[in-house]
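Presented below is the structure to which this report refers.
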Amino acid sequence: MAFKRFQPLSVSRNLTLKNRLVLPPMASQTANTDGKVTEQTLAHYARLSRSGAGLLMVEYSFVTEDGRSEPHQLGAHDDNCLHGLTQLASLLKETGAVAGLQLTHCGGKTTPDVTLDMMGPSSITVPAYDRELTAPRAMEKADIDHWQRAFIEAAIRAETAGFDLVELHCAHGYGLNQWLSPLTNQRHDEYGGSLRNRARMLLEIVASIRLFSPDLTLMVRVPGQDGYPDGLSREDMAQVCEWLVEAGVALINVSSGIGGWKRPKDKRGEGYLVDDAAYLKQQLTVPVIGVGGIETPEYIEQALANQWLDLAAVGRFLLADPDHFRTTLLSEPTVQTA
Ligand SMILES: Cc1cc2nc3c(=O)[nH]c(=O)nc-3n(C[C@H](O)[C@H](O)[C@H](O)COP(=O)(O)O)c2cc1C
């Protein structure tokens with residue numbers, strides 16, 4: 001019997017994943033306070049790469065100083081980051097995996113002791129499951145240009161460092177999620193109002209990265225929905241993903257919405273966010289990643305067979321023990337003969 005999780009998947013003209021398992025981005029808090037890779041960061045990812053997952057994502061990395069949300073967050077914000085990022089990409093790729101870097105601007109999801117100039121699409125406090133935030137200032141047109149340039153330059157830096165793929169973080173209430181969501185974007189200019197206008201920030205960044213780095217594979221981590229009343233719905237997200245694919249995004253990674261990545265109280269069981277991924281998968285032509293408490297080969301085979309997802313991301317189970325992950329999820333079971 002051919003297990004689907006071992007099947008390679010071509011995700012773009014120049015990239016094929018060796019299997020269907022993904023290490024999702026998980027902040028390690030190992031960077032120094034300048035956002036640079038440390039020995040601890042390299043050791044952390046060397047350990048995770050033992051998992052054998054086909055796609056290894058590096059944690060959310062800030063694109064500009066005002067986009068950081070934690071003191072030991074990794075940065076991709078200036079050329080001094082290149083040396084460490086190059087070491088990181090190279091150690092991940094040594095395992096035959098595809099290496100990706102997640103890029104983030106936190107917008108209003110930070111604290112004044114980390115980022116003095118907190119800014120967002122509107123001066124509205126970002127709702128969060130796990131923390132109390134304060135309202136950022138509303139961004140001006142010059143701030144929009146600054147963010148967009150920062151994302152584009154960070155993507156070019158990631159490509160220069162040897163990453164195969166860049167993921168724009170548009171979930172969990174971070175900056176790009178704030179632009180998309182009607183809860184946090186109540187602007188009256190061309191970047192607010194209709195869904196198309198709220199998606200403009202993201203779509204313009206995607207278009208520019210495609211222009212400057214045409215060979216770089218682009219992925220977006222989207223919320224399946226916001227998970228708050230009057231927030232982004234599944235239908236909104238299907239429309240946004242369609243625009244993203246038209247703009248050249250090769251993969252969609254479906255996670256949770258504006259409240260954060262932590263398991264919402266009403267979500268239970270293995271694959272607790274996968275129904276959102278399955279909904280989007282039905283409507284999209286590009287591969288879809290699903291996540292949420294996945295940890296057994298049986299669940300992964302079922303999700304692939306039922307076309308709920310194309311790739312399964314396994315976070316905390318892999319983080320806890322990459323070797324156990326490999327033997328549990330990526331070793332061919334031996335066939336018992338009578
Ligand atoms: C310690 C930790 C850090 C995380 N950091 C990020 C991050 O940097 N970017 C991101 O998109 N998600 C982040 N997440 C969310 C995970 O990528 C994943 O979506 C979540 O853990 C659910 O998957 P799981 O149930 O398999 O762990 C983080 C999760 C954990 C546990």
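Observations on the model:
- Using alpha-carbon coordinates, inclination of helix 234-246 to the longest axis of the chain, degrees: 90 degrees
- Computed over protein heavy atoms with a 1.4 Å probe, the accessible surface of segment 1-128 works out to 37 Å² per residue.
- Stokes-Einstein D (µm²/s) once Rh is taken as the Kirkwood radius of segment 1-68 over alpha-carbon pairs, at 10 °C in 1.306 mPa s: 114 µm²/s
- Across segment 174-191, coupling constants 3J(HN,Hα) worked out from phi with the 6.51/-1.76/1.60 Karplus curve, θ = phi - 60°, read 6, x, 5, 5, 5, 5, 6, 7, x, 6, 10, 10, 10, 6, 10, 9, 6, 9 Hz, and Gly and Pro carry x.
- Local net charge near Met201, Cβ-Cβ under 13 Å (Lys/Arg +1, Asp/Glu -1): +1
- The calculated FRET efficiency for Phe3 paired with Gln40, based on their beta-carbon distance and R0 = 41 Å, is about 0.70.
- A full extension of the chain between Gln283 and Ala305 corresponds to an added length of 6.2 nm, given 0.36 nm per residue minus the alpha carbon distance.
- Theoretical FRET efficiency, 1/(1+(r/R0)^6), r = Cβ-Cβ of Arg263 and Glu242, R0 35 Å, to 0.05: 0.80
- Compared with the alpha-carbon gap, the fully stretched path from Gln186 to Arg131 is longer by 17.6 nm at 0.36 nm per residue.
- Note that the chain shows a convex hull volume over its alpha carbon atoms of 125 Å³ per residue.
- Percentage relative contact order, segment 1-155, counting C-alpha pairs under 8 Å, at least six apart: 21 percent
- A simple spin-label model places the labels of Ala207 and Arg326 4.5 nm from each other, with each point 7 Å out along Cα-to-Cβ.
- Carbon/sulfur fraction of accessible area - the chain, other protein chains in place, 1.4 Å, %: 50 percent
- Stretch gain in nm, segment Asp145-Glu235, where the contour uses 0.36 nm per residue and the Cα spacing is subtracted: 29.5 nm
- Segment 274-283 - phi-based ³J(HN,Hα) in whole Hz, Karplus 6.51/-1.76/1.60, Gly and Pro as x: 6, 5, 5, 5, 5, 4, 6, 4, 4, 9
The values are calculated or read from the model by the stated rules, or taken from the named source; none is laboratory data. Since we're looking at a predicted model, the values are computed, not measured. Quick reminder, even Gly has a Cβ in these numbers, built from the backbone with ideal geometry, and neighbours come from all protein chains shown. In case anyone asks, the SASA skips ligands and DNA or RNA and just uses the protein heavy atoms, side chains included. Shrake-Rupley method; radii C 1.70, N 1.55, O 1.52, S 1.80 Å.
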